[in-house]
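Take a look at the structure below.
The values are calculated or read from the model by the stated rules, or taken from the named source; none is laboratory data. Fair warning: this is a prediction, and the values are worked out from it, not measured in the lab. A quick note on method: Cβ atoms are made from the backbone with ideal geometry, for glycine too, and the neighbour counts reach across all protein chains shown.
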Amino acid sequence: MHLRESVPEIMRILRRFETANNSVGAASTHMWLLPYLPYVGEKEHGSIEFKYRYLPEFFKLTEYRRWSHFVNLGDHADCLAERPSCLQKFVFSTGFHNAVTWTERLNLLEQWRDIASEYRHLNLTVYEDFSMYSDQSRLYLRFVVYQSLCVLDCYFHICSGVFGCLVYLNIDLDPISMTTLLMAIGFSVDFVAHITWHYYKGDFPSKRERLRHALASIAWPMFQSGMSTMISIVVLTAVHAYMVKVFVKVIWFSLMLTNYWSLIHDSYSHRFTGMSVVVLVVFLGMCHGLIVLPVVFAALPFKKAKVSHEKPHQLTIMDVKPPLGRQSNQA
């Protein structure tokens with residue numbers, strides 16, 4: 001700001017934002033320089049050349065006090081001595097409208113950033129309340145496709161394992177068994193999700209320590225929940241309904257009872273047809289969560305990056321070096 005051309009350049013920047021696409025115009029602009037320069041003119045008897053020394057008294061006046069929130073001042077002694085360190089950073093805002101969809105917001109944000117990129121020597125930074133969502137929208141397609149493929153791969157492996165085991169239980173893929181599979185597969189997902197979450201959140205530098213922490217935290221509760229689920233459906237074996245039998249049979253098959261069932265009469269084995277799905281899926285989920293997944297984690301070649309636990313700075317223009325600008329989208 002101590003350079004003679006700084007103020008005119010900042011005003012030209014402001015004018016560019018006020019005339020950009022979808023801009024409300026000067027009526028929506030909040031810029032502390034607009035009232036401050038006339039105030040300097042009164043003090044300097046007509047000259048409106050920017051001065052640092054009037055800033056402290058300007059922001060103390062009742063009618064101008066609200067502008068103090070737009071400026072971060074340094075030491076008042078620096079202001080009186082006309083040192084540039086007096087003014088550390090400041091913001092201005094102007095309104096935009098007719099940006100309803102995220103695509104429109106993203107296009108506007110890119111236009112604002114293009115303008116700001118032309119003034120890198122001023123460290124101009126654009127801020128918009130929903131900029132983080134606009135930035136994420138550019139990555140949605142790639143991540144959605146990647147995540148969808150991962151989900152399909154998980155479904156394929158889960159279903160292929162369950163369907164393969166159902167062959168030994170003499171269960172056909174009828175509407176009842178398919179509906180039961182949809183309900184039962186959720187059990188296996190829960191087991192894997194819990195162990196993965198505890199492994200990821202473990203605050204340990206070594207992957208083996210994080211794996212030990214995850215198993216110590218969740219292995220026993222996972223085992224209890226799986227066994228309690230399987231034990232609780234034992235009473236359903238007394239119900240002579242095909243749907244109930246299909247729902248129950250898979251669980252007990254997963255408890256390595258296949259050999260036992262193979263020695264039983266076909267009519268008695270048919271009673272357990274319903275239990276198969278749930279028991280099988282719960283057992284497979286426990287095996288994957290407590291055995292397979294920990295082995296995979298232990299074999300991974302990378303280490304978890306250290307994450308700072310310090311509270312992040314508030315997302316605001318005041319965190320950036322001067323001078324800079326701020327735009328608020330008023331759709």
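Every condition in (1) within 21 Å of Ala99 (Cα to Cα); (2) touching a Lys or Arg at 6+ places or on another chain (Cβ under 7 Å); (3) in the same structural domain as Thr94 (by TED's automatic domain parsing) is met by Ser134 except one, and the failing one is (3).
Before we move on, is Asn123 outside the structural domain of Phe283 (by TED's automatic domain parsing), of a type outside the set (Gly, Ala, Ser), at pLDDT below 90 and on the phi > 0 side of the Ramachandran plot? Against the criterion (outside the structural domain of Phe283 (by TED's automatic domain parsing), of a type outside the set (Gly, Ala, Ser), at pLDDT below 90 and on the phi > 0 side of the Ramachandran plot), Asn123 qualifies.
For Phe17, the stated conditions hold: it is touching a Ser or Thr at 6+ places or on another chain (Cβ under 8 Å), surrounded by 13 or more Cβ atoms within 10 Å (Cβ to Cβ) and not small (Gly, Ala, Ser). Might you check whether a residue that is closer than 23 Å to Glu18 by Cβ, touching a Lys or Arg at 6+ places or on another chain (Cβ under 8 Å) and either polar (S, T, N, Q) or modelled with pLDDT of 90 or more (or both) occurs anywhere in the range 92-112? Yes, the conditions are met somewhere in the range 92-112. Criterion applied to Ala99, Ala81, Ala116, Ala77 was being in the same structural domain as Thr19 (by TED's automatic domain parsing) and in contact with a strand residue (DSSP E or B) (Cβ under 9 Å, 6 or more places away or on another chain), and the one residue passing it is Ala99. Scanning the range 220-244 for residues that are in a helix (DSSP H, G or I), surrounded by 14 or more Cβ atoms within 10 Å (Cβ to Cβ), out of contact with any Leu (no Cβ under 6 Å at 6 or more places or on another chain) and not hydroxyl-bearing (Ser, Thr, Tyr) returns Met222, Phe223, Gly226, Met227, Met230, Leu236, Met243. Selection of the range 1-52 for residues being in a loop (DSSP other than H, G, I, E, B), small (Gly, Ala, Ser) and farther than 20 Å from Ala99 by Cβ yields Gly46, Ser47. Do you know which of the residues in the range 66-94 that are in a strand (DSSP E or B) and without any contact (Cβ under 8 Å) to a residue 60 or more places away in the chain is surrounded by the most Cβ atoms within 10 Å (Cβ to Cβ)? Ranking the qualifying residues of the range 66-94, first place goes to Val71.
Step by step: first the residues of the range 53-65, then only those that are surrounded by fewer than 13 Cβ atoms within 10 Å (Cβ to Cβ) and not in a loop (DSSP other than H, G, I, E, B), then the one that is nearest to the chain's Cα centre (by Cα). Which residue is that?
In this case the residue turns out to be Arg65.
State yes or no: is Val144 without any contact (Cβ under 8 Å) to a residue 24 or more places away in the chain and over 15 Å from the mean Cα position of the chain (by Cα)? Taking the combined requirement at face value, the residue does not satisfy it. For the range 101-134, taking the residues that are over 24 Å from Met11 (Cα atoms) and assigned to a loop (DSSP other than H, G, I, E, B), the one that is nearest to the chain's Cα centre (by Cα) is identified as Phe130. When each of Leu181, Leu211, Leu215, Leu166 is tested for being under 20 Å from Cys287 (Cβ atoms), more than 25 Å from the chain's Cα centre (by Cα), assigned by TED's automatic domain parsing to the domain that holds Pro294 and at pLDDT 75 or above, the lone residue that passes is Leu215. Of all residues in the range 115-147, those being farther than 23 Å from Val7 by Cβ and not hydroxyl-bearing (Ser, Thr, Tyr) number 14.
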